[in-house]
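The values are calculated or read from the model by the stated rules, or taken from the named source; none is laboratory data. Predicted model only: the values in this text are computed from it and were never measured. Cβ: placed from backbone, ideal geometry, glycine included. Neighbour counts: every protein chain shown. Note: areas computed on protein heavy atoms with side chains; ligands, DNA, RNA excluded. Shrake-Rupley method; radii C 1.70, N 1.55, O 1.52, S 1.80 Å.
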Amino acid sequence: MLKLPGLIDPHVHVREPGATHKEDWDTVTQAALAGGVTTLLAMPNTKPPIFDEATLNIALDAAKSKARCDYGQYIGAGPDNADIAASLAPKAAGLKMYLDSTFGELRLDDMTLWMPHFQKFPKSAPMVMHSESRTMAAAILFSAIYDHPVHIAHVSLKEEILLIKAAKEKGIKVTCEVCPHHLFLTKGLTGFKNLSGLPGRGEVRPRLATQEDVDSLWTNLDVIDCFATDHAPHTLQEKDGENPPPGFPGLETMLPLLLTAVDDGRLTVDGLIQRLHTNPKRIFNLPDQPETWVEVDENAVYEIKAADQFTRCGWTPFEGWKVKGKVRKVVLRGKTAFENGKVLAEAGYGRNVRG
Ligand code: NCD
Ligand code: ZN
């Protein structure tokens, strides 16, 4: 039996408010606990998006009554909310800036819209960038110019990880996360196409990349500060439909996939704890969770099945994958929150990390 600290996932799409047919605060925190995650940070691209105090409170009220693990809620950087976002920093997980297109309408197209956020958002509070490829280079330049730490979300390309490595060597305050799907999947996988031959289930932002990109992430593991799921649930009906929305669920598959990589000798248990607990706790200024741990059966070999999951979206891109390592028990702040496939923490047990 392997004992891990409570895992932290700094990148989760909860879907409440606005799209609870995909997921809500109850199901997402059940999925988190089943995956060994005791703290999740929720992204702001909900409906309505989280841009001000009223919308932040809608999400936090839902979380307060439904969450079964601990949580924080990001605020989104909009075209004209830099003052409000800065004033809400103590209540929020951090600021999320969408600098490239994705699911939702939060993209800040013009760099003049980035400037007030870099000027006003507190330097001690986390600022997370959805910025791919050359946009990432721009975000890192902003970090250097404004001397503001940035955290780059879901790094997927060789050019990106190499740029972050070079920026870190220059002393620029940049940290980053990588998602399991960018470590284990490549583009053009069969089985992901819908009836019109579109990528369908394989749609995700950033897109799945080449084997060379995937290999570069593994060879530059020391540059990766955190693993994060970017858990982005959409129903199978939506994924297989006309305009498949981008995103994969990931909360329940991250730990088994990474433990399998440990078993294969591609990652150490220490390296896993650094990236799923120690580093995110520091980067996102998260409080201690006393009497909190995850018990894993390292030798359990089984197949990933959507039918076993708690997420409401009803599918996983890793269906049928054989993995080694199963979460048996999660103790959160002294209470058994998950044991042998059952969620035991009640709705409302979860605490706001900025509470
Ligand atoms: C995310 C979503 O569905 O909210 N989709 C995705 O493909 N990752 C949005 C995002 O994180 O870009
Ligand atoms: Zn995301």
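Observations on the structure shown:
- Restricting attention to segment 222-274, the residues that are open to solvent by less than 30 Å² (accessible area, probe 1.4 Å), touching a strand residue (DSSP E or B) at 6+ places or on another chain (Cβ under 9 Å), more than 21 Å from Glu303 (Cβ to Cβ) and away from ligand 1 (no atom under 16 Å from the Cβ) add up to 4.
- Filter pass, Val14 being open to solvent by less than 10 Å² (accessible area, probe 1.4 Å), within 14 Å of ligand 1 (Cβ to nearest atom) and of a type in the set (A, V, I, L, M): yes
- Check on Thr29, more than 16 Å from ligand 1 (Cβ to nearest atom), more than 21 Å from Val150 (Cα to Cα) and of a type outside the set (A, V, I, L, M, F, W, C): yes
- Hits in segment 218-237 (condition: within 18 Å of Thr316 (Cβ to Cβ) and within 16 Å of ligand 2 (Cβ to nearest atom)): Phe227, Ala228, Thr229, Asp230, His231, Ala232, Pro233, His234
- All of Thr112, Thr175, Thr210 fail the test of being within 14 Å of His11 (Cβ to Cβ) and away from ligand 1 (no atom under 16 Å from the Cβ), apart from Thr175.
- Among the helices (runs of 4 or more DSSP H) confined to segment 201-269, there are none with at least 3 residues that are within 18 Å of the chain's Cα centre (by Cα) and under 20 Å from Asn45 (Cβ atoms).
- Close pairs from segment 115-141: first within 16 Å of ligand 1 (Cβ to nearest atom), partner assigned to a helix (DSSP H, G or I) and of a type in the set (Asp, Glu), Cβ under 8 Å, at least 6 apart: Glu132/Glu160; Ser133/Glu159; Ser133/Glu160; Met136/Glu160
- If you check Thr29, Thr20 for being within 20 Å of Ser65 (Cβ to Cβ) and open to solvent by less than 10 Å² (accessible area, probe 1.4 Å), only one passes: Thr29.
- Whether a residue is open to solvent by 40 Å² or more (accessible area, probe 1.4 Å) and within 30 Å of Ser124 (Cβ to Cβ) was assessed, and Arg282 passes this test.
- The listed residues are Tyr98, Tyr146, Tyr71, and the only one of them that is among the aromatic types (Phe, Trp, Tyr), touching a strand residue (DSSP E or B) at 6+ places or on another chain (Cβ under 6 Å) and more than 16 Å from ligand 1 (Cβ to nearest atom) turns out to be Tyr71.
- Boolean, Leu162 is free of Cβ contacts under 8 Å to residues at least 24 places away in the same chain and surrounded by fewer than 20 Cβ atoms within 10 Å (Cβ to Cβ): no
- Extreme residue, most open to solvent (accessible area, probe 1.4 Å), among residues of segment 165-203 that are β-branched (Val, Ile, Thr) and modelled with pLDDT under 95: Thr190
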